[in-house]
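The values are calculated or read from the model by the stated rules, or taken from the named source; none is laboratory data. What you see is a predicted model; the values in this text were computed from it and never measured. Note: ideal-geometry Cβ built from the backbone for every residue, glycine included; neighbour counts use all protein chains shown.
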Amino acid sequence: MSRHSFTRQELYDRVWVEPMSKICKDLGVSDRGLAKACARANIPVPPRGYWARKDAGQEVPVAPLPPLKTGERDQVIIDPQVFACPPQAPKPLEATPEERIPVPAELHKPHPITVTLRQQLKSKNPDDYNMLLSSGPGLFALRLGPDSVDRGLRILDALIKACIHRGFPLHLKADKPAQFDVNGELFTISIEDSSQRSAHRLTDQEKRDKARGHGWGIPLYDYIPRGKLTLKIDHGFNQPSRGTFTDGAKLKLEDLLHEILVSLLENSNARKAEKVRQKNREQRLAEENARRAEVRKQQDLESKKLKKLETDARDWTLAMHMRGYLADLETKKSEEGADLSPEGELGQYLTWARQQADRLDPLTSSPASVLDEERPEELKYWQVRWEDD
C-alpha cells in the first residue's frame, strides 16, 4: 500500500469529521499510528467519548488547529508500512495437543547435523566442569553432561525436523553456526546442561601428592551435571518474545518445543517490523536533513543579500557625507578666493575626492580605480616561473 500525503489542514478536517477508527481502516494503519502522525504534526484529535457525545446530540467543542510554527512542515506523510496494524502471529501447527512436537524416546533417522554432533560428543572427554562441548561452523552449540547427551540430541533433532516441516529450513555457512531461516530471519540456538558445585573430594593419589607438598594442581571443587537443560535462542536485543527455555518442575524442555517455535515466529515478525521502522526512520531523517539543508541554503542567501545591503547602505552614507564635506570645503575655499580651476591643485583634489565618493556610492557609476584591484603580495623567489627555465 502506498504512502498517503495530507496537508495539516486536510488531516485536521478529516479527523474531526469522521471517527479515527474509520480513517485508520481506509488508510491501512493502526489507531496508535494515526495518533502518532497527528501528534508529530501538532494536529489535535477528538478526545475519548467525543463521537458518542456528538451522536447523543450534545454540543462538543472542537479544538482549533494551531498555526504552523517556524521550521515545521505543512505536509504530513502516513506510511502504512510504518503505522500498519500489528500483524497477527500465525497460528502454529502445534497449537492443539495432537499437533504438538513429539520428542521420540530414541533417535530415529536423525538429521545429518545431529549425527555430526553425536560423533563429536562421543569423541571428546569431559572438560573441567564435567561437560561435553560441541560447536563449530554449520553446527549448533551444545554443552551437556555425559548422561544428558542422548536427551539433548533427541530434543535438538525433534526441533530441527519440526522447523523444516513448517517451512523454516536450516541456513548453513562454512564460517557460521547453523541457523534456522524463519521467514527470512536467521536464528541460532544452543542447549546446555547445568551443574552443581561441591567441595572436591580428594582421591587417594591426591592425598599422597598433597602429603608430599605437590598439591598445587588439585581442584578446589567438583562439578556434577544436574541434567537440567536450557535451550537459548540467539534472537538479538530488544526482541519481544521469550528467548530462554529451561526444564521446570512441571514442564520439561520436551514439552516446550511448541513455545520455542512460537517464539521464533514472533521474533521473526518483530525483526521485520523493526527493519521497516528503521528504514522509515532513515528516510524521515534524510527528508528532514534535506529540508534543513534547504533552510540553511536560503539563510545563507538571505545573509549574503543582507550583508550586501548593509555594505551598500554604509558606502552610500559615507559617500553622501563625503559629498557634503566637499561641497562645504569648496564653498569655504571659494569664499577665501582660492583657485578652484580644474588645473589647480585644489580643483584636482576636489575632482579626485568626488570620484572616490562616486566609487563608494552603489547608486552611481564611476571609472575604475586602482583601489578596486586585489592588493598584490610580494612574491618569493620560488613562486616565480622564470622564462629561462
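Picking from G152, G136, which residue would you name as being surrounded by fewer than 14 Cβ atoms within 10 Å (Cβ to Cβ), within 41 Å of the chain's Cα centre (by Cα) and small (G, A, S)?
Values: G152 fails: surrounded by fewer than 14 Cβ atoms within 10 Å (Cβ to Cβ).
Among G152, G136, only G136 is surrounded by fewer than 14 Cβ atoms within 10 Å (Cβ to Cβ), within 41 Å of the chain's Cα centre (by Cα) and small (G, A, S).
From the list D193, D127, pick out the single residue that is surrounded by fewer than 20 Cβ atoms within 10 Å (Cβ to Cβ), out of contact with any Asp or Glu (no Cβ under 8 Å at 6 or more places or on another chain) and assigned by TED's automatic domain parsing to the domain that holds Y223.
Details: D193 fails: surrounded by fewer than 20 Cβ atoms within 10 Å (Cβ to Cβ).
None of the other options fit; the residue is D127.
If you go through segment 356-375 one residue at a time, how many are outside any loop (DSSP other than H, G, I, E, B) and modelled with pLDDT of 90 or more?
Step one: filter segment 356-375 for residues outside any loop (DSSP other than H, G, I, E, B), giving 356-360, 370-372.
From what's left, modelled with pLDDT of 90 or more: 356-360.
Going through segment 356-375 one residue at a time, the tally reaches 5.
Can you list the helices (runs of 4 or more DSSP H) found entirely within segment 1-73 that contain at least 1 residues being among the hydroxyl-bearing types (S, T, Y)?
Numbers: elements: 8-15, 20-27, 31-40, 50-55.
Ranges flagged: 8-15, 20-27, 50-55.
Does segment 26-53 hold any residues that are of a type in the set (D, E, K, R) and exposed (fewer than 15 other Cβ atoms within 10 Å of the Cβ), and which are they? Write out each step before concluding.
Restricting attention to segment 26-53, the residues satisfying the condition of being of a type in the set (D, E, K, R) are 26, 31-32, 36, 40, 48, 53.
Once the filter is applied, which keeps residues that are of a type in the set (D, E, K, R) and exposed (fewer than 15 other Cβ atoms within 10 Å of the Cβ), segment 26-53 yields D26, R32, R40, R48, R53.
Within segment 307-343, track down each residue that is loosely packed, with under 11 Cβ neighbours inside 10 Å and in a helix (DSSP H, G or I).
K307, E310, D328, T331, K332, E335
Among the residues of segment 71-78, is there at least one that is modelled with pLDDT under 75, outside the structural domain of K252 (by TED's automatic domain parsing) and closer than 27 Å to L251 by Cβ? Don't jump to the end; show me each part of the working.
In the first step, residues of segment 71-78 are kept if they are modelled with pLDDT under 75; the result is 71.
Those still in the list that are outside the structural domain of K252 (by TED's automatic domain parsing) too: 71.
Among the residues that remain, those that are also closer than 27 Å to L251 by Cβ are: none.
No: segment 71-78 contains no residue that is modelled with pLDDT under 75, outside the structural domain of K252 (by TED's automatic domain parsing) and closer than 27 Å to L251 by Cβ.
Are any residues in segment 172-183 crowded, with 18+ Cβ neighbours inside 10 Å and under 21 Å from Q119 (Cα atoms), and if so, which ones? Working first, answer last.
Looking only at segment 172-183, we keep the residues that are crowded, with 18+ Cβ neighbours inside 10 Å, and these are 177-180, 182.
Passing the criteria: P177, A178, Q179.
Return the only residue of P219, P225 being exposed (fewer than 13 other Cβ atoms within 10 Å of the Cβ), more than 30 Å from E72 (Cα to Cα) and touching a residue at least 60 places away in the same chain (Cβ under 8 Å).
Values: P225 fails: exposed (fewer than 13 other Cβ atoms within 10 Å of the Cβ).
Answer to the selection: P219.
Pairs, please: C-beta under 6 Å, at least 6 apart or cross-chain, first residue within 18 Å of L156 (Cα to Cα) and in segment 257-272, second at pLDDT below 90 and not basic (K, R)?
L257/I101; H258/E94; H258/I101; L261/P92; V262/P92; S263/S241; L265/A89
On the basis of being closer than 30 Å to V295 by Cβ and acidic (D, E), does D26 make the cut?
Judged against the criteria, D26 is not a match.
Let me confirm something: among L202, L159, L186, which residue is surrounded by 12 or more Cβ atoms within 10 Å (Cβ to Cβ), in contact with a Phe, Trp or Tyr (Cβ under 9 Å, 6 or more places away or on another chain) and without any contact (Cβ under 8 Å) to a residue 40 or more places away in the chain?
Working: L202 fails: in contact with a Phe, Trp or Tyr (Cβ under 9 Å, 6 or more places away or on another chain); L159 fails: without any contact (Cβ under 8 Å) to a residue 40 or more places away in the chain.
Exactly one residue qualifies, and that residue is L186.
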